[in-house]
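The values are calculated or read from the model by the stated rules, or taken from the named source; none is laboratory data. Being a predicted model, the structure only gives us computed values, none of them experimental. Note that each Cβ is placed from the backbone with ideal geometry, even for glycine, and that neighbours are counted across all protein chains shown.
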Amino acid sequence: MHYAVGKSPIFIGGAPRSGTTLLRALVNASRNIVCGPEMRVIPALCHLNQQIEDGHLDVLEANYGLDAQALHDRFARTIDRMLAPLHQKTGARVAEKTPANILHFSRLRRLFPDSPLIAVVRDGRDVVASLLSMDWTDARTGQPMAITRDAGAAARLWVQSVEAGRKLAQDPGFTELRYEDLARDPKAEIGRLFDRLGEDEAALARALDHVRHFDQGAGEAESSAGRVAQPIDTQAIGRWQRDLSADQIRQIDRIAGPTLKALDYA
């Protein structure tokens with residue numbers, strides 16, 4: 001496939017409040033890769049692609065000559081063209097960061113066989129603690145989102161996100177980064193990622209100076225933009241120990257305990 005963005009796009013995802021905005025800031029500062037604010041439409045397009053393939057492919061193939069590959073090619077071109085203005089503006093390789101991308105990594109691999117897929121993983125207990133501090137509302141109902149009010153709902157989303165990403169664990173184009181490693185040693189963790197992406201030391205140096213380049217006003221939908229505009233620190237690691245009640249910790253353990261243990265968080 002000939003990409004309007006020049007080279008296969010990079011997709012970044014992770015459970016909300018896992019550190020995806022921090023990674024966006026670091027990657028975008030490299031100059032070789034442009035990663036704008038969350039587009040938020042790619043998960044919807046992936047879901048639609050799957051719905052059509054699962055429920056309507058026989059009609060498309062019999063009457064319109066569209067098999068599964070032709071369907072995927074059309075969706076891939078649509079996403080590619082939506083990302084193209086960023087490439088045209090900067091000349092850089094394009095990355096797109098929306099947390100929910102991770103739920104569709106398997107579908108994105110079918111649409112973009114050569115694209116790097118990058119998952120950010122954070123201790124699920126810290127993710128839940130952070131989510132419970134948010135005031136997000138459901139646009140359809142106007143009511144607070146369940147993941148901001150219920151530790152169990154937040155824990156389930158974390159497990160779903162982590163497991164969706166790790167289905168690609170053996171995929172050579174998949175990279176999993178830990179928020180804790182990004183915070184404690186960003187040079188090593190971003191250096192590992194940039195090695196996989198073919199980026200050089202100069203790009204790494206610019207990425208590590210992300211505070212100078214990050215525009216927090218551009219990411220109005222990103223709740224952590226203000227925090228990311230500051231130097232990296234480790235203050236948020238382990239926040240669950242002070243922010244969560246004993247009942248909430250037990251609820252999280254019932255839902256996410258096996259996944260936390262598999263990731264060596266517990």
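Just one of the listed residues (ALA164, ALA151, ALA183, ALA70) is outside the structural domain of GLN248 (by TED's automatic domain parsing) and crowded, with 18+ Cβ neighbours inside 10 Å, namely ALA183.
Evaluating ASP253 against the criteria (1) surrounded by 15 or more Cβ atoms within 10 Å (Cβ to Cβ); (2) of a type in the set (Asp, Glu); (3) part of a loop (DSSP other than H, G, I, E, B) leaves one unmet condition, (3).
Are any of the residues in segment 183-203 of a type in the set (Lys, Arg) and under 16 Å from CYS35 (Cβ atoms)?
Yes; the residues of segment 183-203 include at least one that is of a type in the set (Lys, Arg) and under 16 Å from CYS35 (Cβ atoms).
Each residue in segment 137-186 was checked for being over 23 Å from GLN251 (Cβ atoms) and without any contact (Cβ under 8 Å) to a residue 40 or more places away in the chain, and 9 pass. Residues in segment 140-167 that are part of a loop (DSSP other than H, G, I, E, B) and within 16 Å of PRO99 (Cβ to Cβ): MET145 only.
Is it the case that some residue within segment 229-246 is out of contact with any Lys or Arg (no Cβ under 6 Å at 6 or more places or on another chain), among the acidic types (Asp, Glu), modelled with pLDDT under 95 and exposed (fewer than 14 other Cβ atoms within 10 Å of the Cβ)? Yes; the residues of segment 229-246 include at least one that is out of contact with any Lys or Arg (no Cβ under 6 Å at 6 or more places or on another chain), among the acidic types (Asp, Glu), modelled with pLDDT under 95 and exposed (fewer than 14 other Cβ atoms within 10 Å of the Cβ).
Among the residues of segment 23-32, those identified as surrounded by fewer than 24 Cβ atoms within 10 Å (Cβ to Cβ) and not small (Gly, Ala, Ser) are ARG31, ASN32.
Here ARG24 clears all of (1) closer than 18 Å to THR78 by Cβ; (2) in contact with a Gly (Cβ under 9 Å, 6 or more places away or on another chain) except the condition numbered (1).
The numbered conditions (1) farther than 20 Å from ALA119 by Cα; (2) surrounded by 19 or more Cβ atoms within 10 Å (Cβ to Cβ); (3) of a type in the set (Ser, Thr, Tyr) are all true for TYR64 except (2). Within segment 186-202, the set of residues being part of a loop (DSSP other than H, G, I, E, B) and buried (at least 16 other Cβ atoms within 10 Å of the Cβ) comprises GLU199 only. For the structure I just gave you, tell me whether MET134 is within 24 Å of ASP253 (Cα to Cα) and surrounded by fewer than 18 Cβ atoms within 10 Å (Cβ to Cβ). Yes: the conditions hold for MET134. Residues being touching a strand residue (DSSP E or B) at 6+ places or on another chain (Cβ under 9 Å), of a type in the set (Lys, Arg) and farther than 22 Å from TYR3 by Cβ are entirely absent from segment 85-108. Across segment 33-54, the number of residues qualifying as crowded, with 17+ Cβ neighbours inside 10 Å and either closer than 19 Å to PRO231 by Cβ or among the polar types (S, T, N, Q) (or both) comes to 1.
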